[in-house]
Amino acid sequence: MDITPRMKQILQVLIKQSEPISVRCLAEEVGISKRTVQRELEYVQDSLKEYHLTFMSKTGTGVWLDGTEENRALLRDDLYQGDSYDASNREERRKRLILEILKEKGLKKLFYYSSQFKVSEATISTDLEAIEGWLNRYHICIVRKPGSGISVEGSEENYRRGIRAFVDENLDTDLIRDFYKPELEMDDTYEKLSKSSMGQILNDDILRRVINCIVGMDNPRIMTLTQSSYVGLVIHISIAINRILNNEMLEPEQKWIEEIQEDEDYLLAKAISEELEEEFEIEIPKVETSYIWLHVKGAKHEKIQVNGHKTMNIENKDLQVLVNEMIDVFDPEKAFLLKQDDEFIQGLLAHLQPTFIRLIHNMQIRNPVLEDIKRDYPDIFRRCLEVSKVLMRWTGEPVPDEETGFLTVHFGAALVRLEAKKESLRPVEVGVVCSSGIGISRLMSSKLNQTFRERMLISTYGKNDLTPYIISKTDFFVSSIPLDMDDFPVVSVSPLLNEEDMQEIRRMLYQYERTPRKRKESDEFSNQLEEINLMAEQIRTVIKYMCFFKVDNRITFEELLIAIGEKLSPYSDRREMIQEDIMKRERLSSQIFSEFGFALLHTRTKGVVRPSFSICMTKDLGAFTDPCFKGITVVFVMLLPIDDHIKVNSGILGYISSMLIEDVNFLEIVTHGDKEEIRDTLSGHLKKYFSKFLYNN
């Protein structure tokens, strides 16, 4: 097929279209002017003759290719075979020049590159000057030697860092992400990967075998990696294997030997190395295993083991101080409420451990949605730049925008939850549909659960399951197959839920969680009555059993926990549970707020069977004298039972925690020490909360 590179780009866009596309949109897709596209289209029919396809054009409608699906498939296969290269495209030519330099070290004459890229030696010389800045970022230098040519100097470690950066910037890593779910059929993905234009730098056969090794291990530590960390690990290992096979070895450093810890991450790295040695029939040096260890240790996981020992050291007081400082810098006014968000605190702590590793060891991380974050959440990103400065002071290393972007996600999600509490948002009932309701829909619902958590109530269905009753109780459907439901909201998505799909689902969720629940039949009315009755009963319980007690001014924190346990339960085993669970939460992040003059000890525990709100003060209503209390005068205790009513219970106690800083009159009443006056005021606030709950239901 004799098709110019520019014509090839145009046909690649047209062959994907199922409907006519305007010339203007076609030009935008290709990245050239409308006039250039119109000129190229004059010759397009000549290129289509052997495929028996017809180029169609209609004013006001657009342009398209007409022909059988079989003939379209023939053209599609030819278009995506091989590697298209347009010598006149300066940006593409310079990328390829970087690629050539990274692929192999050694001395080359300008003539070699000019022949390779079909341009003059003068043009190549100009291109080399243009790409020097990019190479220098990774300490790779171009050295010109008159009469001999040019050589490229840099350590093997720097070459690999450059290769990784080039891959991140140019390779479609969605292809690698498709391997993240091992139960999916991979043949099509492997075929796409083998035809990728960047396959020259990431050998597709090596990449395939690396992925098979990693997935085949079925290790929980690997399978709980976030997709970005998984892709990063795969790319790192593939680059390493490729370099080892070419006898390009890292120089072992004594520093590495001293820093290696024989922990579970290193044991995993050794296991990976052993799998790779068997697959590729090579010997992997210890220094390469240590780099794999570093990547595993610097990786992010979907799940956090709060009680899980080695995921993070939750007893590290310095880390608590850092988290509090980051939150204070982000938003001093909302800092108190943000520090009550256990999901946010745990997620931030889990994120910081690998972040420290990456920053200290100058490891790269790719943030594929960084530009979207900057565009859609400019204020949060700006404030997270200040948060990053706190992190830089602690690590002594600059924090790249990619890391700041991930911090923006954590802080942004916390703000959404905070606003949701104020707005009394309701969970949205979502139906996930595939042809059977078993396979793809389960994978889709799993990803939605990971992303939206309690904001969604998800049910999975096959197409034939959608009865009038199912439709009546669902807010909207997410479907990977066409649904004949013109009068009902349906989000049509790809089975793998790409970012565009997630954004549309996020928009629908935002809309429905702010609207009243759909009115349904008598069974729905019965459910509403049960919810209202439960809310009323739990509020009554909190008010009735509100506990107010006094302790000695000199009491220690540990002694206070004993006193709290004795006041809130007559059973010794439950007292111990209360003490242990409050202490665990305190280790996660301090709940003593000297700036407000009180402590707010809150946790979920099996030590109580109902939600409880208690107030503890000193006998003379003065300050606690033990230094750990930082001069506070009041301790509030809020305990949630571990039962099926978490949403109702946390809503009530969350409202009370907001009230503590929003209503200064309540704090004044508390300091008077009159139990009944405190109870009456609390009752008035919870009455408002109940009225708001009734309105939204």
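Of all residues in the range 458-482, those that are farther than 16 Å from Ser445 by Cα have Cβ atoms under 7 Å from Cβ atoms of residues that are surrounded by 14 or more Cβ atoms within 10 Å (Cβ to Cβ) and hydroxyl-bearing (Ser, Thr, Tyr), 6 or more apart or on another chain, in Ile470/Tyr461.
For Thr603, indicate whether it is farther than 30 Å from Arg453 by Cα and outside the structural domain of Asn324 (by TED's automatic domain parsing).
No: the conditions fail for Thr603.
I need the full set of residues from the range 288-322 which are hydrophobic (A, V, I, L, M, F, W, C), at pLDDT below 85, out of contact with any Lys or Arg (no Cβ under 7 Å at 6 or more places or on another chain) and farther than 20 Å from Val234 by Cβ, in order please. Those that are hydrophobic (A, V, I, L, M, F, W, C), at pLDDT below 85, out of contact with any Lys or Arg (no Cβ under 7 Å at 6 or more places or on another chain) and farther than 20 Å from Val234 by Cβ: Ile304, Val306, Met312, Leu319, Val321. In the range 673-685, of all residues being part of a helix (DSSP H, G or I) and without any contact (Cβ under 8 Å) to a residue 12 or more places away in the chain, the one that is surrounded by the fewest Cβ atoms within 10 Å (Cβ to Cβ) corresponds to Glu676.
Residues are listed down the side, and each one gets a yes or a no for (1) in contact with a Lys or Arg (Cβ under 8 Å, 6 or more places away or on another chain); (2) among the hydrophobic types (A, V, I, L, M, F, W, C); (3) in a loop (DSSP other than H, G, I, E, B); (4) surrounded by fewer than 18 Cβ atoms within 10 Å (Cβ to Cβ):
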site: Asn324; (1), (2), (3), (4): yes, no, no, yes
site: Asp328; (1), (2), (3), (4): no, no, no, yes
site: Gln353; (1), (2), (3), (4): no, no, no, no
site: Ile373; (1), (2), (3), (4): no, yes, no, no
site: Glu386; (1), (2), (3), (4): no, no, no, yes
site: Arg393; (1), (2), (3), (4): no, no, no, yes
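Of the residues in the range 171-193, none is assigned to a helix (DSSP H, G or I), more than 25 Å from the chain's Cα centre (by Cα) and modelled with pLDDT of 75 or more. Among residues of the range 381-408 that are within 21 Å of Glu169 (Cα to Cα), none has a beta-carbon under 6 Å from a residue that is at pLDDT 90 or above and assigned to a loop (DSSP other than H, G, I, E, B) at least six positions away or on a different chain.
Being in a strand (DSSP E or B) and farther than 30 Å from Glu419 by Cβ is true of Tyr461. Of all residues in the range 10-65, those that are acidic (Asp, Glu) and either under 41 Å from the mean Cα position of the chain (by Cα) or outside any helix (DSSP H, G or I) (or both) total 4.
Part of a loop (DSSP other than H, G, I, E, B) and at pLDDT 90 or above, is that true of Val609?
yes
Filtering Pro495, Pro516 for residues that are part of a loop (DSSP other than H, G, I, E, B), touching a Ser or Thr at 6+ places or on another chain (Cβ under 6 Å), farther than 15 Å from Gly431 by Cβ and at pLDDT below 85 leaves a single hit, Pro495. The condition of being farther than 30 Å from Met223 by Cβ, outside the structural domain of Glu50 (by TED's automatic domain parsing), at pLDDT 75 or above and assigned to a helix (DSSP H, G or I) does not hold for Ile142. Pairs are defined by a Cβ separation below 6 Å, a sequence spacing of at least 6 or placement on different chains, a first member in the range 603-621 that is hydroxyl-bearing (Ser, Thr, Tyr), and a second member that is in a strand (DSSP E or B) and surrounded by 17 or more Cβ atoms within 10 Å (Cβ to Cβ); the pairs so defined are Thr605/Leu639; Ser612/Leu639; Ser614/Val637.
Just to check your reading of the model, which residue among Ser436, Ser445 is assigned to a helix (DSSP H, G or I), outside the structural domain of Val329 (by TED's automatic domain parsing) and at pLDDT below 85? Selected residue: Ser445, the only one of Ser436, Ser445 that is assigned to a helix (DSSP H, G or I), outside the structural domain of Val329 (by TED's automatic domain parsing) and at pLDDT below 85. In the range 533-547, the residues that are in a helix (DSSP H, G or I) form Cβ pairs under 9 Å with partners that are loosely packed, with under 13 Cβ neighbours inside 10 Å and modelled with pLDDT of 90 or more, at six or more places apart or across chains, as follows: Ile539/Lys687. I want to confirm something. Restricting to the range 395-421 and keeping residues that are among the acidic types (Asp, Glu) and part of a helix (DSSP H, G or I), which single residue is farthest from the chain's Cα centre (by Cα)? My answer is Glu419. Exactly one residue among Glu537, Glu559, Glu521 is modelled with pLDDT under 85 and farther than 30 Å from Asp376 by Cβ, and that residue is Glu521.
The values are calculated or read from the model by the stated rules, or taken from the named source; none is laboratory data. Because the structure is predicted, anything quoted here is derived from the model rather than measured. Every residue, glycine among them, receives a Cβ derived from its backbone with ideal geometry; neighbour counts consider all protein chains shown.
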